[in-house]
Amino acid sequence: MARGSVTDWVAEHIDPNTGVEIIDRTAEDFLMVRYKKGAVFPAAVIGAQDIVLPGHVAPVLAHATKPNFVVNVPSKAVWSGPAIAMVHGAPAGFGALGDLMRAARDGDAAHYRNKEFGFFERAITQHSNVRSITREYDAVFVAHRYSGNDLVIALVDAYNMSAEDVRRTRDRYGAFDIAVKMSSYGSVTSAATAAADSMGAEALMFREMLRRLAQ
């Protein structure tokens, strides 16, 4: 899809009944977004189909006027770590249409961060045995530890993590060492544990992940 067509799609799918509205469109083809008569900010739309790479975001960040948010269509596409770093460095927020809506309501689109991803990023970073982390994808972090090998941690958004959730995460992001369930509710099923084990990985709850980082 051409950038103009995905920009049209986003503009058409923003429901003004939510308080978020498009009030203008810039020469750079950015959407000027406003929430409930508040501050207006520019949002760029890109159309990476499978994975968002730096090459997809570089053109919209090259303008003299920088967007405060970069939204990708379709939402199923994975954001790569380098692309995220480039957008955050602008600074700008990133995500799908739903993230754009939340960023508008938050009132600071340029510094918008997905709260769930941010929670796990902080928790891993602040672990006493973690020297630093690298973000490989939107939901995958590599924990570089003081003691022990690096661990690739994939976040899984599921109430009861199933074998299919584990397999889907592997298909989406590639190999990982730990699939951690994002929600504190529900459970990791025995089938998920077996599926992860067959891949040479582990399927864990949050507290189990913290203990694994310490080993």
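The values are calculated or read from the model by the stated rules, or taken from the named source; none is laboratory data. Small disclaimer: the values here were computed from a predicted structure and weren't measured. So basically every Cβ, Gly included, is an ideal-geometry build from the backbone, and we count neighbours across all protein chains shown.
Quick look at the numbers
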| item | result |
| --- | --- |
| Near pairs, Cβ below 6 angstrom, 6+ apart or cross-chain, from region 136-147 (within 22 Å of MET86 (Cβ to Cβ) and outside the structural domain of TRP79 (by TED's automatic domain parsing)) to any residue that is of a type in the set (Val, Ile, Thr) and assigned to a loop (DSSP other than H, G, I, E, B) | none |
| Single match in ARG113, ARG122, ARG105 (criterion: crowded, with 16+ Cβ neighbours inside 10 Å and either on the phi < 0 side of the Ramachandran plot or not assigned by TED's automatic domain parsing to the domain that holds LYS181 (or both)) | ARG113 |
| Subset of region 150-186 (residues that are surrounded by fewer than 19 Cβ atoms within 10 Å (Cβ to Cβ), closer than 14 Å to PHE206 by Cα and of a type in the set (Gly, Ala, Ser)) | SER183, SER184, GLY186 |
| Residues being touching an Asp or Glu at 6+ places or on another chain (Cβ under 9 Å) and in a strand (DSSP E or B) - total across region 101-156 | 13 |
| Region 160-215: number of residues that are part of a loop (DSSP other than H, G, I, E, B), more than 24 Å from ILE51 (Cα to Cα) and without any contact (Cβ under 8 Å) to a residue 40 or more places away in the chain | 8 |
| Qualifying residue in region 76-86 (condition: touching a Lys or Arg at 6+ places or on another chain (Cβ under 8 Å), outside any helix (DSSP H, G or I) and more than 24 Å from MET32 (Cα to Cα)) | yes |
| Residue match in region 4-24 (condition: closer than 30 Å to ARG172 by Cα and touching a Gly at 6+ places or on another chain (Cβ under 7 Å)) | yes |
